Amino acid sequence: MSENFLQDLDEYFSKKYSNFDLISTLPSYESVTISMVLKNKNRIEEGEVATNEVRKIYYQPQSAKVLAELKARYVDNNFTYSVRIAPAKVRFKCFFGIRAVHGKAIEQVVRKYGEDPSAMPAKLGIAEETWKKTLRGWYIPEKVLLYKLGLLLALRKEDMDALMQLCGAYYDFADARDVVVKYLMDYRVFNKEFIDMAFDEFHIRRII
């Protein structure tokens, strides 16, 4: 089961990961032409898409080897705080008791998935005061905190996407962590053992 899981993750990663600056430096990387990708397809209609696709690991002649080299070389040097301060206009409204849209939405989602909002700080690994200010709207969750929330609550795609949009977050496929999390969310993999396995496979720091 775990072997099939990692094979599926590898294929997904190979199709999605877009950091060409890193991919092109790997020892087994080979230049791939649009013709090689399109083959018998319409080059005019699909050429623009193919221009980006040729940069993906999936289309490499030795894709498995290139991916293995990327895993061996990849360094997770990402660092972000759990939250950022909301704009002054939003904080001004919060001062007068008007809760921000993102704060309301987060609390509603937590309750929708059967959790008590007051119990979430310990599960998310953040201070209670930080969480309270986030629900009020003083703070806006950064992407990693949203990822934690999504994986812990097993959020459906539409709920996760809505929260990310409200918080100004997006998936960056040049970031291995984002690709792995997107896979877990897309295929609804919320088993802690499998989540840890996915992060460890790409040498990414665990977030839950």
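Between 116, 76, 161, the residue with the greatest mean-square fluctuation in the GNM of the chain (Cα pairs under 10 Å linked by springs) is 116.
Probing with 1.4 Å while keeping every protein chain in the model, the per residue accessible area of segment 138-194 equals 42 Å². Bridging of residue 89 to lysines at a Cα separation below 29 Å is possible for 104, 112, 132, 133, 143, 148, once same-chain residues fewer than 8 apart are set aside.
When the Gaussian network model of the chain links Cα atoms closer than 10 Å, the mean-square fluctuations of 190, 95, 13 top out at 95. Loop sites here are GluC sites (Glu not before Pro) outside DSSP states H, G, I, E and B with no more than 16 other Cβ atoms within 10 Å. The longest part of the chain free of them is 31-114.
Return the single residue from 103, 125, 150 with maximal mean-square fluctuation; model: Gaussian network over the chain, springs between Cα atoms under 10 Å. The residue with the greatest mean-square fluctuation here is 125.
Give the carbon-plus-sulfur fraction of the accessible surface of the chain in %, rounded to a whole number; probe 1.4 Å, heavy atoms of protein chains only.
Carbon and sulfur: 52 percent of the exposed surface of the chain.
In the chain, the longest principal axis of the Cα atoms and the axis of helix 43-53 are about 70 degrees apart. Of interest is the spacing of the C-alpha centroids, which for segment 124-148 and segment 54-88 amounts to 25 Å. Amide H contacts of residue 83 (H built 1.01 Å from N, in plane; Pro and chain starts excluded): 142 sit under 5 Å, all sequence-distant by 5 or more or on other chains. Note on the chain: Kirkwood radius taken over Cα pairs, Stokes-Einstein applied at 4 °C and 1.567 mPa s, translational D equal to 68 µm² s⁻¹. Take every Cα pair under 8 Å whose residues are at least 6 apart in sequence, average their separation, divide by the length of segment 82-208, and the relative contact order is 26 percent.
The values are calculated or read from the model by the stated rules, or taken from the named source; none is laboratory data. Keep in mind it's a predicted model, so treat the numbers as computed, not measured. Positions of Cβ are backbone-derived with ideal geometry, glycine not excepted, and every protein chain shown enters the neighbour counts. For accessibility, only protein heavy atoms count, side chains too; no ligands or nucleic acids. Shrake-Rupley method; radii C 1.70, N 1.55, O 1.52, S 1.80 Å.
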